[in-house]
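Following this message is one structure expressed as structure tokens.
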Ligand SMILES: Cc1cc2nc3c(=O)[nH]c(=O)nc-3n(C[C@H](O)[C@H](O)[C@H](O)COP(=O)(O)OP(=O)(O)OC[C@H]3O[C@@H](n4cnc5c(N)ncnc54)[C@H](O)[C@@H]3O)c2cc1C
């Protein structure tokens, strides 16, 4: 509960209408795309860095928990008030402040939606590469705090690779700037990168400077269908091992394809056990040559059907299957748990075999969707959270899957973050000394532990 005098203090900083504590507002902010529910004490929607600085000053003085929140699309329980407190939402701070074509960079506020930035910079022949599937809703602040990636990650990497500088409000209310607009910057500790992926636990990101790249002049899209999942997985490692770097290399297994087919989406060859969706971009001649080589590769490795799009409309049709996945799986069972295990590409066939084995062992419906080209899997566990017995089996399957992932030299998360979804597995990936060092970093930034407490540390 926030006292009446504190409520007045916050209202005087942001104005009455931007301090929300009506039950319906609190209910709205009780969830993110993870499946737990935590009701905040209030929601504040600030309009400037200065207001955030003042809010943090008050919160730090009175030890009030603060939880930053973008669009709430994270799948790790990162933007809910796990231990009570106030949510800070950024939808008023949603301006693209600068697009500097000569320096190929953009400066944005944290509430800018990823796709809005993409659309804006495309007018200048530029691209902001990170493309999470949630890009039409998720915000740049949330993308930075979780190091979002997406299908283009194979060639272009993740948010961290495009981050040049930040403005950050510390829990004390002090405002710091890290990095800037230069492409090279090796001065001091790399605080920009430390903030990236910090899951809202170290500071509030109030301004973001990102690097842009030229928009590729040509694109080629190809879909390959396999009657054996293992063949498809081996094709992925073979393509990457051959030195070709596609822009995207997505894999969808039969469990998911069947759901998409029933959903009335794309049509596939009846015996399809896996689908690879592959896209290249760059100069037209290069893209054409790569497309031919990849098509040949797929056929040699056992693809039963290979289709290449020759127009943007045909390409869009090939993307239909991938785009309909989340809508389709939501229909099947009450809940779908989206996991994020990531392994070195060479181990992809092995981890996929392991997931199929676990589905069988624990009698679960697990589909495999993967940004396969960078070893990033999203096993989709279609389940019912109300079924305690089934959830106990889900938990065991998850534990075994992450043990196998780590044993293969992989990581708990390729792009979705840890939050409360995977905090219990952190010790598998990090030794105690590394976890203690992270705790010390957290204490140095936030000695009173008011910023997103109860997250992965
Ligand atoms: C259907 C679907 C598809 C998805 N596809 C992808 C995908 O392809 N790739 C991918 O990487 N993710 C994906 N995600 C996950 C999610 O969209 C991303 O993690 C995204 O980056 C979250 O952004 P958001 O604006 O929703 O942030 P939120 O969910 O609101 O917050 C995420 C985290 O960032 C912190 N935070 C937010 N704003 C700030 C700020 N200004 N300062 C400090 N901390 C802040 C929060 O405290 C929280 O810890 C998907 C999610 C869904 C539901």
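Just so you know, all these numbers are worked out from the coordinates, no wet-lab data involved. What you see is a predicted model, and the numbers here were worked out from it, not measured in a lab. All Cβ positions, glycine included, derive from the backbone under ideal geometry; neighbour counts span all protein chains shown.
Would you mind calculating the gained length between residue 331 and residue 305 on full extension (0.36 nm times residue separation, minus the Cα-Cα distance), in nm to one decimal? List each step's numbers first, then the result.
Details: separation 26, 0.36 × 26 = 9.36 nm, distance 2.81 nm.
Result: 6.6 nm gained on full extension.
Oh, and also: Could you tell me, in Å, what Rg and Dmax come out for the Cα atoms of the chain?
22.5, 72
Under the rule of -39500 (n - 2.57) per DSSP H run of 4 or more residues, summed and divided by the residues of the chain, what mean residue ellipticity at 222 nm is obtained, to the nearest 500 deg cm²/dmol?
Values: 16 runs with 167 residues, N = 457.
Result for the chain: -11000 deg cm²/dmol, rounded to the nearest 500.
Please work out the C-alpha center-to-center distance from the range 299-332 to the range 238-283 and express it in whole Å.
6 Å
What nm distance separates the two modelled labels at residue 100 and residue 434, each placed 7 Å from Cα along Cα→Cβ?
Distance between label points: 3.5 nm.
Calculate how steeply helix 49-62 sits against the longest principal axis of the alpha-carbon atoms of the chain, using the helix alpha-carbon long axis, and give the answer as 0 to 90 degrees to the nearest 10.
Helix 49-62 sits roughly 70 degrees off the main axis of the chain.
I want the antiparallel fraction of DSSP beta bridges within the chain, as a percent rounded to 5. Please list the in-between numbers first.
On the way: 59 of 67 bridges.
Of all bridge pairs located within the chain, approximately 90 percent are antiparallel.
Could you work out how far apart the two model spin labels at residue 360 and residue 346 are, taking each label as a point 7 Å from the Cα in the direction of the beta carbon, and quote it in nm?
Distance between the two pseudo-spin positions: 2.6 nm.
Next up: Can you tell me which of 362-372, 167-177 comes out highest on packing, and rank the rest after it, using the mean Cβ neighbours within 10 Å? Please list the in-between numbers first.
On the way: 362-372: 21.6, 167-177: 18.2.
Order by mean packing, descending: 362-372, 167-177.
To test your reading of the geometry: what angle, between 0 and 90 degrees and rounded to tens, separates the Cα axis of helix 4-14 from the longest principal axis of the chain?
So the helix axis and the longest Cα principal axis differ by about 70 degrees.
At a Förster radius of 35 Å, what calculated FRET efficiency corresponds to the Cβ-Cβ distance of residue 190 and residue 270, to the nearest 0.05? Please list the in-between numbers first.
Numbers: r = 52 Å, r/R0 = 1.48.
So the FRET efficiency works out to roughly 0.10.
Helix 312-323: angle to the longest alpha-carbon principal axis of the chain, degrees 0 to 90, nearest 10?
70 degrees
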